[in-house]
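S.K.: Handing you a structure now.
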Amino acid sequence: MRVTEGGVEFEVADARDGASEGRGDDVFYNPTQELNRDLTVAVLRAYREREPRADSYLDAMTASGVRALRAANEGWDVTAADTDAEAVALARENAARNDLDVDVRERDANALMHDSTHDVIDLDPFGTPVPFADAAFSNARDLVCVTATDTAPLCGAHFESGVRSYSAVPRNTDYHPEMGLRILLSAMVRTAARYDTAARPICSHVSRHYARTYLELDGRATKADECIDELGHVYHCEDCLTRDHEYGLIADPPEACPACGSNRVVTAGPLWLGAIRESEFVARVASHVDDEMGEAARARRTLDTLETELDRPTHYDQHRLCKEWTRSAPAMDDFLAELRDAGFEASRAHYHGTAFKTDASVAEIREATTAGE
Ligand SMILES: C[S@@+](CC[C@H](N)C(=O)[O-])C[C@H]1O[C@@H](n2cnc3c(N)ncnc32)[C@H](O)[C@@H]1O
Ligand SMILES: [Zn+2]
């Protein structure tokens, strides 16, 4: 099947709906990740302005080669790798079809990363990126881009698997996409720190099937220490949904929920509690989304919300709270306006349409918002 994406035309074996992990026999291509790839191109454009020296890009798991081709189309010096011989043949054909110069290797990503250095390394594996993180953070110069599709382990829905993969404790909460992202960021930051490298997210987004983040590297150990200082824990009450967060590697959870007295308070962490993006960079990325991108509208929407969403962990789900209070959910803009009128900070959060952030507690949100009662 012939597909066109962002100005490159390529052949793929079939189109998957993104609901499966896609470990079938055919070379993988997931049309639902077009938004992810559109944003990758916009990030690469914005990153080049920020770091003009950055030139080489490794698509470490390339499959059909689509991401590598799109980067090469932007003028990056691109290497692409895959262990699957069919994928490598297809990626080479796709590069030739577009007259793009991409160095496609039939090679294990870890071996290749340990063998060579690239300014930007992109990890897009099946499931967790953890098996590739050490090689990426010890060998990339400027930026590591990471996709994780194992959302159930990341958000605590598959608890043991999440603990095993990420060396952290995830919890299944009403803010599961943010839990997943902060678990992923924690593991990436700790991996980079092993190489005295700071890895700080300059852009991150989560959708139903994956978490994606772009981590800028700094080779100073003191900067890596500063990143470690931004790890900590979230204490979450399963009864009233009150949550609190605390910086530091040693958890000190309350014995009971400070709001309702319940002893059903669970601890998650170590989580990345720092910012998940740099607002100014996200604004630059948004300025590089163009109408040739198939997912331009969604990309702009995601980036606009991401740019303005409050930094603080963690978001609330308006529907979940309203259900808890047996209220109908009002229009989000009215709801946020009520919070602001009551003197709180409030913003949408990009995780989904009913996600919002505020510095108000659960009780304060309940009192401040009357619409829907
Ligand atoms: C999710 S797909 C990549 C999709 C692609 N980046 C895209 O945007 O369409 C994962 C790919 O990783 C390849 N792969 C699995 N293990 C690998 C390894 N150790 N090194 C390199 N590639 C690997 C698989 O063959 C598969 O083609
Ligand atoms: Zn409580």
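The values are calculated or read from the model by the stated rules, or taken from the named source; none is laboratory data. It should be emphasised that the depicted structure is a prediction, and the values quoted were computed from it without experimental measurement. Note that we place each Cβ from the backbone using ideal geometry, even for glycine, and neighbour counts take in every protein chain shown. Quick note on the areas: whole protein, heavy atoms, side chains included, nothing else; ligands and nucleic acids left out. Shrake-Rupley method; radii C 1.70, N 1.55, O 1.52, S 1.80 Å.
S.K.: Is there a residue being in a loop (DSSP other than H, G, I, E, B) and either open to solvent by 30 Å² or more (accessible area, probe 1.4 Å) or basic (Lys, Arg) (or both) anywhere in region 263-270?
M.R.: Yes; the residues of region 263-270 include at least one that is in a loop (DSSP other than H, G, I, E, B) and either open to solvent by 30 Å² or more (accessible area, probe 1.4 Å) or basic (Lys, Arg) (or both).
S.K.: Quick one: would you say Arg212 is basic (Lys, Arg), outside any strand (DSSP E or B) and modelled with pLDDT of 95 or more?
M.R.: No, not satisfied.
S.K.: Output the residue which, of all residues in region 237-250 that are of a type in the set (A, V, I, L, M, F, W, C) and open to solvent by 40 Å² or more (accessible area, probe 1.4 Å), is nearest to ligand 1 (Cβ to nearest atom).
M.R.: The residue in question is Leu249.
S.K.: Can Leu217 be described as assigned to a strand (DSSP E or B), open to solvent by 10 Å² or more (accessible area, probe 1.4 Å), away from ligand 2 (no atom under 16 Å from the Cβ) and in the same structural domain as Val120 (by TED's automatic domain parsing)?
M.R.: Taking the combined requirement at face value, the residue satisfies it.
S.K.: Among all residue pairs at least 6 apart or on different chains, which show Cβ distances below 9 Å where the first residue, located in region 247-267, is assigned by TED's automatic domain parsing to the domain that holds Asp229 and of a type in the set (Ser, Thr, Tyr) and the second is in a strand (DSSP E or B) and away from ligand 2 (no atom under 14 Å from the Cβ)?
M.R.: Tyr247/Leu231; Tyr247/Gly232; Tyr247/His233; Thr267/Val169; Thr267/His233
S.K.: Given the criterion touching a residue at least 24 places away in the same chain (Cβ under 8 Å), part of a loop (DSSP other than H, G, I, E, B) and within 14 Å of ligand 2 (Cβ to nearest atom), identify the matching residue among Asp239, Asp196.
M.R.: Of Asp239, Asp196, the one residue that is touching a residue at least 24 places away in the same chain (Cβ under 8 Å), part of a loop (DSSP other than H, G, I, E, B) and within 14 Å of ligand 2 (Cβ to nearest atom) is Asp239.
S.K.: Across region 53-98, what is the total count of residues that are open to solvent by less than 10 Å² (accessible area, probe 1.4 Å), charged (D, E, K, R) and assigned to a loop (DSSP other than H, G, I, E, B)?
M.R.: 0
S.K.: Taking Cys145 as meeting all but one of (1) within 12 Å of ligand 1 (Cβ to nearest atom); (2) in a helix (DSSP H, G or I); (3) among the hydrophobic types (A, V, I, L, M, F, W, C), write down the number of the exception.
M.R.: The failed condition is (2).
S.K.: Among the aromatic types (Phe, Trp, Tyr) and out of contact with any strand residue (DSSP E or B) (no Cβ under 9 Å at 6 or more places or on another chain) - does that describe any residue in region 149-160?
M.R.: no
S.K.: Please count how many residues of region 231-258 are more than 19 Å from Arg320 (Cβ to Cβ), more than 24 Å from the chain's Cα centre (by Cα) and not small (Gly, Ala, Ser).
M.R.: 6
S.K.: State the number of residues belonging to region 43-52 that are part of a loop (DSSP other than H, G, I, E, B) and of a type in the set (Asp, Glu).
M.R.: 1
S.K.: Let me ask something additional. So Val12 passes all but one of these: (1) modelled with pLDDT of 95 or more; (2) hydrophobic (A, V, I, L, M, F, W, C); (3) within 11 Å of ligand 1 (Cβ to nearest atom). Which condition number does it fail?
M.R.: Status for Val12: all satisfied but (1).
S.K.: Taking Val234, is it modelled with pLDDT of 95 or more, within 16 Å of ligand 2 (Cβ to nearest atom), hydrophobic (A, V, I, L, M, F, W, C) and crowded, with 22+ Cβ neighbours inside 10 Å?
M.R.: yes
S.K.: Would you mind stating whether His205 is over 30 Å from Arg48 (Cβ atoms) and open to solvent by less than 30 Å² (accessible area, probe 1.4 Å)?
M.R.: Considered against the rule, which asks whether it is over 30 Å from Arg48 (Cβ atoms) and open to solvent by less than 30 Å² (accessible area, probe 1.4 Å), His205 comes out as no.
S.K.: So, in region 302-328, how many residues would count as being more than 17 Å from Met179 (Cα to Cα) and surrounded by 18 or more Cβ atoms within 10 Å (Cβ to Cβ)?
M.R.: 6
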